[in-house]
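Input: a single structure, listed below in structure tokens.
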Amino acid sequence: MTALGILYPGHSAEDDYPRMEQLLGSDIRLDLVHTDIGTDAHRVDALLEMGSADRLAAGVAELRMSGAESVVWACTSGSFVYGWEGAHEQVRSLARTAGMPASSTSFAFVHAVQELKARRVAVGATYPKDVAGLFADFLRAGGTDVISVCDAGIITAAEVGTWGEEEVFALAREADRPDAQALLLPDTALHTAAHIPALEKELGKPVLTANQVTVWEALRLADRRVNAPTLGALFTREPVVQV
């Protein structure tokens, strides 16, 4: 059994995680701990507070008790808003506090793009324009060529959490570009786990979503590969065979 720790801000699309746990198989357990978000707003000041070391540390003790082998801060905007160097310090602090390998959803996107060898990506963000731009800047700092950014201008995670299949597909279609090799949909408040194969079939390319890459990153930190096509192209790599 591989136990993976997820620090999830508030309550919006956390039901994506039990869905993904079921799709991954019986030997993967996702241990989800909710953190206090403070002010629910996609504003830089609120996001900096949401991702502060004190707020993350408050959830770590419970994860240590669960036997988790890695931990991921499951918040895209609450990590990239710190910038490239600040986000590195955020996960270093989390790793020290947790006593286990740590990362965040923002770094998960960077690593997932590298895994897929996608050089050019398009972004469909639920955020306001300025916050969406900070995500694009973060990806570029990680070596990704962001060719377009589409923003939905939504202020709160609570509103994003109400989106269903129709809204998710509309954002994906609007954001996609023919020359993009992958489409990225940030925001862990967005329900996407049930839609990834259909999105990839319609768009004809890999689709990376926040909750999906968060789980993939937690597996990567725990040195696990899982072949789960129902979670998209990112999960269709063959597992590493131990000899």
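Bear in mind these aren't lab numbers, they're just calculated from the coordinates by the rules spelled out. For clarity, every value in this text was computed on a predicted model and none was experimentally measured. Neighbour counts run over all protein chains shown; Cβ positions are idealised from the backbone, glycine included.
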For segment 115-133 and segment 59-110, what is the centre-to-centre distance using only Cα atoms, to the nearest Å? 20 Å
Final fewest-first order of 111, 11, 191, 42 on the 10 Å Cβ neighbour count is 11, 111, 191, 42
For each of 216, 73, 84, 163, count neighbouring Cβ atoms within 10 Å of the residue's Cβ, then give the residues from fewest to most. 84, 163, 216, 73
Which lysines have a Cα less than 23 Å from the Cα of residue 117, not counting those fewer than 8 places away in the same chain? 201, 205
Between Rg and the Kirkwood Rh of the chain, both from Cα atoms, what is the Rg to Rh ratio? 0.93
Relative compactness, segment 115-209, computed as alpha-carbon Rg over 2.2 N^0.38 Å: 0.99
Can you pull the one-decimal nm distance between simple spin-label points at residue 166 and residue 15, each 7 Å off the Cα toward Cβ? 1.8 nm
Taking the dipole about the Cα centre of segment 115-209, with the C-beta of Lys and Arg at +1 and of Asp and Glu at -1, give me whichever of 162, 178, 118 is farthest to the positive side. 118
For residue 202 and residue 236, FRET efficiency with R0 = 25 Å and r from the beta-carbon atoms, rounded to 0.05? 0.90
If you stretched the chain out fully between residue 88 and residue 34, how much longer would it get, using 0.36 nm times the residue separation minus the C-alpha to C-alpha distance? 17.3 nm
Give me the extension gain from residue 114 to residue 137: residue separation times 0.36 nm, minus the current Cα-Cα distance, reported in nm with one decimal. 6.7 nm
The chain: calculated mean residue ellipticity at 222 nm from DSSP helix runs of at least 4, using -39500 (n - 2.57): -13500 deg cm²/dmol
Among 37, 155, rank each residue by its count of other Cβ atoms within 10 Å, from fewest to most, as a rough exposure measure. 155, 37
